[in-house]
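Written out below as structure tokens is the structure these notes cover.
The values are calculated or read from the model by the stated rules, or taken from the named source; none is laboratory data. Quantities reported herein were computed from a predicted structural model and do not represent experimental measurements. A quick note on method: Cβ atoms are made from the backbone with ideal geometry, for glycine too, and the neighbour counts reach across all protein chains shown. SASA here: full protein model, heavy atoms, side chains in, ligands and nucleic acids out. Shrake-Rupley method; radii C 1.70, N 1.55, O 1.52, S 1.80 Å.
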Amino acid sequence: MGVTPVASRSASATCREPLSFRCAHRLFPLFTAALLAAASWSALVHPASAQASYRVPTLGFCWGRVAHQPIPPDLVVDMLEANGVSKVKLFDADPNALTALANSDVEVMVMVRNEFLEGMAVQQENADNWVYNNLLDILPTGVKITSVSVGNEPFLKSRHDFDKFLVPAVQNMQRALQKVDLDQRIKITVSFNTDIVKAKDDPALGEFQDVWLSQIKAIAKVINETGSFFSVNIYPFFSYKETPQIPVDFIWFDNPGKGCLTFDNKTKVQYCNIMDSSLDGVIYALERIGYPDMEVVIGEAGWPSDGHPNATTALAQSYNNGLLRHLLSGTGTPRRPNRQFTFYIFDLFDQDAKSTAPGPFERRWGVYDDYGRAKYPLDLSGGKGWKLAPIPNVIRLRPRWCLANEALYSEKGADAAVVDAQFLSKISTVCGKSESGDFADKADCTPLFMRLSTPGLQCASKGASQTLLANASYVLNAVYQLSGQQEAVCTDGGLGVVVPDQDPSTGSAGGGDMCTYELGLDEAAMMQYTQPNKAFSWKVLGYIVALVLVLANML
């Protein structure tokens, strides 16, 4: 007679019960897989965020995007987080930049552009629509919009058409935020320029210009009632450019004590740099209209690296590092000592499509160049040695350049003067001034502006013909790269030839190291690192978690 074995409580049978300590070891590999998947997802979405072991709460950057080939926003956000940057200021409410900033730790100031002020001032509905279209639609993504600047330097002499619309635009914007319960979450300010303060030698005599006094009072009232801040852009570069007799040590921060000035012999208060004196001039002016404790934020500060005799990489490096050391030191100003002011460095990037009406230097304020390379060492800690992190995944086009066709001179019957004229015409078409006085935007010619007018500083110094060829090569290559390296763009009119593999910047055609012939950005290749492709990781993580749950249920 067969014996029916008693069913034993095997490990398999035991683990069909609700999860218990006895079978937890069976699930450990599955949970490990899920955790690894989550970690991989986090690294894919924000690969740089884990690298930043520090964060400077008062440090921000302006993020201008007026460029022919702006760096993809997702790569910029990865860089911001890797550098521990806490704040960023946009000059609009660009949805691509804001989407990239979603779920990051970066606080964002957006801006109502000046051309929208009139419509926002004359009709409340326009302010309401701006809030709906630019804030309500994007806030659910997790982007940390904390303030909105209504206008950008609207009192500049060249922008007087905007000043009459500013106060009603600010008031309507505040009502629009109140309607949707955002007035406590998002603060209103205006990005003022320092010209709003009367020019005085002594900061203690600071007061606002009479012509704008009533408007500034009205705006300060809104700022005070909402607990916001007064924002002012301070640019010693322009002071030094327009008044070169200012002591150099009063501009930079490298010689403490040497550049100090005493404006009031009674108080003996010393100012050792123009940043502190400019800040205190604004603070004293606010005191005079009844706001002694209003927070003042430096909305923009920086130094350009090209396009003017005082705009060099060395000077930009010296100024911006000194600015960081000073503002992060916590010394404050004589009027507001022992504090750190929130400040925004202008700018993250060079902007090669920006208007050059103020001067060629206007395109060269970035701490990174147009191609995402840090231009110089910059210590964002103000002295602790934190190096500027690179921008990840910036990809260039294949190694091909467009150079001026020197063979045109040796063709049968060629007239050298005619060929010279053809090259000069090309340079003028790409780099010359338009009727408005602005420079053409077909390509950026900033590296040539100073050199074209200064003997010995051109791209090449091997004689007039070689100099012209090198300058023409620079221009032809710039247009060729922006076209995505379309050969027809290079060879149009027979002026250019495509040269593969060997970088002319270091060869004889490049004229030594005076000119760099850049390769364009491969925008298609960089797309794989942008949000639509990063979002794929959400699906991958979801599938793995679902698989873990299914397998757990089967055990």
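Odds and ends about this structure:
- Reachable aspartates and glutamates, given that their alpha-carbon falls under 16 Å from the alpha-carbon of Lys144 and they are not under 8 places away in the same chain: Asp74, Asp78, Glu81, Asp92, Asp94, Asp105, Glu107, Asp181, Asp183
- Averaging over all projection directions, the Cα-based convex hull of segment 146-282 occupies 9.8 nm² in the image plane.
- Sulfur and carbon atoms: percent of accessible area, segment 313-453 [1.4 Å]: 51 percent
- When each of Lys87/Lys221; Lys157/Lys241; Lys89/Lys387 is checked by Cα-Cα distance, pairs over 20 Å: Lys87/Lys221; Lys89/Lys387
- Rolling a 1.4 Å probe over the heavy atoms of the protein chains gives segment 156-235 an accessible area of 45 Å² per residue.
- Taking the accessible area of segment 221-298, probe 1.4 Å, and keeping the other protein chains in place, the carbon and sulfur fraction comes to 47%.
- Percent accessible area from carbon and sulfur atoms, segment 49-205, protein chains only, probe 1.4 Å: 46 percent
- Residues of segment 273-300 falling in the label zone of Thr267, defined by backbone nitrogen less than 18 Å from a point 7 Å along Cα to beta-carbon, are 273-296.
- Proximal aspartates and glutamates relative to Lys266, as straight alpha-carbon distance under 18 Å, when same-chain residues fewer than 8 apart are discounted: Asp201, Asp202, Asp280
- Centre separation in Å (Cα based) which lies between segment 310-371 and segment 125-177: 25 Å
- Anchor Lys258: lysines whose Cα lies under 17 Å away (excluding residues fewer than 8 positions away in-chain): Lys268
- Working from Cα pairs under 8 Å separated by at least six residues, relative contact order for segment 128-247 is 27 percent.
- Each label point was placed 7 Å from the Cα along the Cα-to-Cβ direction; for Thr146 and Lys221 their separation is 2.8 nm.
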